[in-house]
Amino acid sequence: MSLPRLLKSSIGAKTLMAITGIMLMLFVLGHMLGNLQIFISADQINHYAETLQGLGNALWLIRGSLLVILLAHLGAALQVTRLNRAARPVPYQHALDYQTTTFASRTMMFTGLIIVAFVIYHILHFTVVTDANLAGIKGTHDDLNVYGMIVAGFSNTIVSLVYIVANILLGVHLTHGAKSLFQTLNLRTSENANCLENFSKGFGVLVILGNCSIPVAVLMGILS
């Protein structure tokens with residue numbers, strides 16, 4: 001079977017979604033760990049940002065690669081959804097059928113699209129440096145002051161709430177996504193099922209707590 005035909009099949013689309021899902025999970029983890037350096041010191045998070053900026057064109061290559069991976073993941077998810085609907089054109093007829101699926105699994109497409117929208121917002125808010133988010137932040141024009149940008153951004157309660165809600169949805173999405181990819185890649189067995197289940201839930205909770213801790217800390221005045 002050719003690669004294009006394989007990717008159009010349910011197995012191919014699910015495999016692509018699983019592989020790109022692993023890549024995105026690793027990025028989410030790395031991005032979170034990098035951002036959590038803000039709790040070490042302002043100099044530490046600023047140095048981290050300067051190190052990334054120092055990558056130059058390589059940083060844009062990484063960003064471009066992540067965009068391709070994200071689009072491939074989204075495309076595979078849409079294909080799986082389309083194939084699933086074609087295979088089951090009649091909605092659930094009984095409440096029991098509906099209850100056998102989890103909230104996370106039923107809302108995967110919804111949470112995925114919300115996350116994509118949030119990623120765009122997040123990039124515009126913190127990655128694309130504009131005069132608007134530089135205003136009033138001492139030293140930004142001379143030295144990269146990511147600490148000041150983050151504190152200024154999350155000092156807005158609405159912005160923080162949007163970020164917190166988006167990361168809760170991200171955690172829910174990751175919990176089911178991690179569980180599903182183990183199944184898709186035939187890594188789930190009766191012996192390790194409980195371990196993988198706990199890992200999936202733990203990873204989702206870890207991402208929620210880690211990412212949400214920053215806006216919460218700003219709102220509470222711990223970071224200022």
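The values are calculated or read from the model by the stated rules, or taken from the named source; none is laboratory data. Only a predicted model underlies this, so the values are computations on that prediction, with no experimental measurement involved. For neighbour counting, all protein chains shown are included, and Cβ atoms are generated from backbone atoms with ideal geometry for every residue, glycine included. These area figures cover heavy atoms from the full protein model, side chains too; ligands, DNA and RNA do not enter into them. Shrake-Rupley method; radii C 1.70, N 1.55, O 1.52, S 1.80 Å.
Between residues in the range 199-215 that are of a type in the set (D, E, K, R) and residues that are crowded, with 19+ Cβ neighbours inside 10 Å and at pLDDT below 95, which pairs lie under 7 Å by C-beta distance while being six or more apart or on different chains?
Listed pairs, sorted by first residue: Lys201/Thr175.
Looking at this structure, is Ser224 out of contact with any helix residue (DSSP H, G or I) (no Cβ under 7 Å at 6 or more places or on another chain), modelled with pLDDT under 90, assigned to a loop (DSSP other than H, G, I, E, B) and open to solvent by 30 Å² or more (accessible area, probe 1.4 Å)? Write out each step before concluding.
Numbers: out of contact with any helix residue (DSSP H, G or I) (no Cβ under 7 Å at 6 or more places or on another chain): no; modelled with pLDDT under 90: yes; assigned to a loop (DSSP other than H, G, I, E, B): yes; open to solvent by 30 Å² or more (accessible area, probe 1.4 Å): yes.
Here the answer is no, as Ser224 does not meet what is asked.
Within the range 1-53, take every residue that is within 30 Å of Leu83 (Cβ to Cβ) and not in a helix (DSSP H, G or I) and give me the one that is modelled with the highest pLDDT.
Within the range 1-53, the match that is modelled with the highest pLDDT is Ser9.
Restricting attention to the range 181-211, which residues are more than 16 Å from the chain's Cα centre (by Cα) and either assigned to a helix (DSSP H, G or I) or of a type in the set (Lys, Arg) (or both)?
Phe182, Gln183, Thr184, Arg188, Ala193, Asn194, Cys195, Leu196, Glu197, Asn198, Phe199
From the list Ile164, Ile150, Ile168, Ile214, exactly one residue is open to solvent by 40 Å² or more (accessible area, probe 1.4 Å), in a helix (DSSP H, G or I) and among the hydrophobic types (A, V, I, L, M, F, W, C). Which is it?
Going through Ile164, Ile150, Ile168, Ile214 in turn, the sole match is Ile168.
Checking Ile168 against (1) at negative phi; (2) at pLDDT below 90, which test does it fail?
(2)
Find all pairs meeting these conditions: Cβ atoms under 8 angstrom apart; at least six residues apart or on different chains; first residue within the range 48-68 and in contact (Cβ under 8 Å) with a residue 40 or more places away in the chain and open to solvent by 70 Å² or more (accessible area, probe 1.4 Å); second residue of a type in the set (A, V, I, L, M, F, W, C) and in a loop (DSSP other than H, G, I, E, B).
Close Cβ pairs (under 8 Å, with a partner that is of a type in the set (A, V, I, L, M, F, W, C) and in a loop (DSSP other than H, G, I, E, B)) amount to Glu50/Leu144; Gln53/Leu144.
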